[in-house]
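The values are calculated or read from the model by the stated rules, or taken from the named source; none is laboratory data. Here the structure is a predicted model, which is why all the values come from computation and not from measurement. Cβ placement follows ideal geometry from the backbone for every residue including glycine, while neighbour counts extend to all protein chains displayed.
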């Protein structure tokens with residue numbers, strides 16, 4: 001089989017459709033960890049009702065949006081900065097991290113962490129998320145008072161959840177602690193380990209949040225960063241004045257008030273994640289790792305890139321290989337949790353593969 005190099009991120013339907021020989025909308029996408037229940041009607045209605053604003057520039061201070069999000073997250077508006085997704089905001093966070101001796105990152109890690117740090121010549125110090133005692137591993141970092149710590153919680157791509165009580169210890173030791181909570185919204189309030197309530201107390205804490213994964217709006221690009229007001233003001237001067245468009249602003253205000261959609265998502269995730277994990281684990285050649293997020297990391301005896309190509313060409317299914325995570329390579333794939341009907345299609349396709357010894361030849 002001739003393999004085509006895969007993109008660095010999931011959700012590249014144009015790339016996948018070209019391989020599968022179909023239109024992008026004909027694919028079943030397990031590669032991007034996006035809520036299958038959305039976009040919520042509240043977001044679509046808000047966009048529709050604000051189309052006339054396309055002829056005007058957005059408010060560069062994003063006052064209304066900041067107040068709405070600050071109320072939702074429980075912080076003061078001067079500690080919050082909206083952005084064009086988490087990736088844009090990571091750039092400005094990394095500029096601060098690059099001023100330190102190094103930044104400790106848990107591997108495997110989101111590729112944009114490296115991209116953002118490299119843009120400003122920042123140095124990295126790598127630890128493994130698979131460490132038997134992660135807290136002890138991080139505790140052995142030398143001279144943490146001169147270093148940054150960049151955590152992803154729940155961690156992507158493993159789905160591991162780091163306890164808030166452990167993070168409290170890191171805040172007392174590291175010069176700067178950055179927590180990417182892009183997937184934290186998928187945990188109901190009684191289960192999450194968010195550090196948002198610590199923003200007012202720790203000036204060395206930075207928290208990032210994505211609003212596109214939970215609300216299924218990746219094409220709209222929405223995220224925010226919360227930190228000390230001095231950092232927020234500084235980052236605002238570094239970036240373009242209109243990073244968030246007016247339709248994204250309208251949708252962003254509406255979605256955080258959509259309690260019904262939030263409850264529906266929490267009710268959907270747990271049984272569907274359990275369904276997918278259990279059924280794949282019962283298949284020969286696949287082992288799923290425990291996950292607190294809306295995706296599963298799966299160890300496979302079949303090379304991940306081969307499996308990706310087979311499912312695309314034979315079944316029009318897009319999964320995420322893990323070649324962009326060097327620590328994982330061909331031994332793993334990542335699967336978004338979707339609906340049971342989607343899972344049925346994927347599982348039937350995997351069954352047909354494992355029942356055929358020549359399927360990948």
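Quick notes on this one:
- All conditions but one from (1) without any contact (Cβ under 8 Å) to a residue 12 or more places away in the chain; (2) closer than 28 Å to residue 41 by Cα apply to residue 207; the one that does not is (1).
- The test for being modelled with pLDDT under 95 and outside any loop (DSSP other than H, G, I, E, B) holds for residue 16.
- Hits in region 20-35 (condition: buried (at least 17 other Cβ atoms within 10 Å of the Cβ) and either outside the structural domain of residue 294 (by TED's automatic domain parsing) or in a helix (DSSP H, G or I) (or both)): 20
- With respect to the conditions (1) under 23 Å from the mean Cα position of the chain (by Cα); (2) farther than 25 Å from residue 115 by Cβ; (3) not in a strand (DSSP E or B), residue 299 lacks only one, and its number is (3).
- Annotation: of all residues in region 317-331 being assigned to a strand (DSSP E or B) and in contact (Cβ under 8 Å) with a residue 40 or more places away in the chain, the one that is surrounded by the most Cβ atoms within 10 Å (Cβ to Cβ) is 320.
- Residue within region 51-67 that is closer than 30 Å to residue 121 by Cβ and either in contact with a helix residue (DSSP H, G or I) (Cβ under 6 Å, 6 or more places away or on another chain) or surrounded by fewer than 17 Cβ atoms within 10 Å (Cβ to Cβ) (or both) present: yes
- Which listed residue is under 30 Å from residue 73 (Cα atoms), more than 20 Å from the chain's Cα centre (by Cα) and buried (at least 21 other Cβ atoms within 10 Å of the Cβ), from 254, 293: 254
This table checks each residue for (1) out of contact with any strand residue (DSSP E or B) (no Cβ under 7 Å at 6 or more places or on another chain); (2) modelled with pLDDT of 95 or more; (3) over 30 Å from residue 127 (Cα atoms).
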site: 298; (1), (2), (3): no, yes, no
site: 314; (1), (2), (3): yes, no, yes
site: 319; (1), (2), (3): no, yes, no
site: 334; (1), (2), (3): no, yes, no
site: 340; (1), (2), (3): yes, yes, yes
site: 350; (1), (2), (3): yes, no, yes
site: 354; (1), (2), (3): yes, no, yes
site: 357; (1), (2), (3): yes, no, yes
site: 361; (1), (2), (3): yes, no, yes
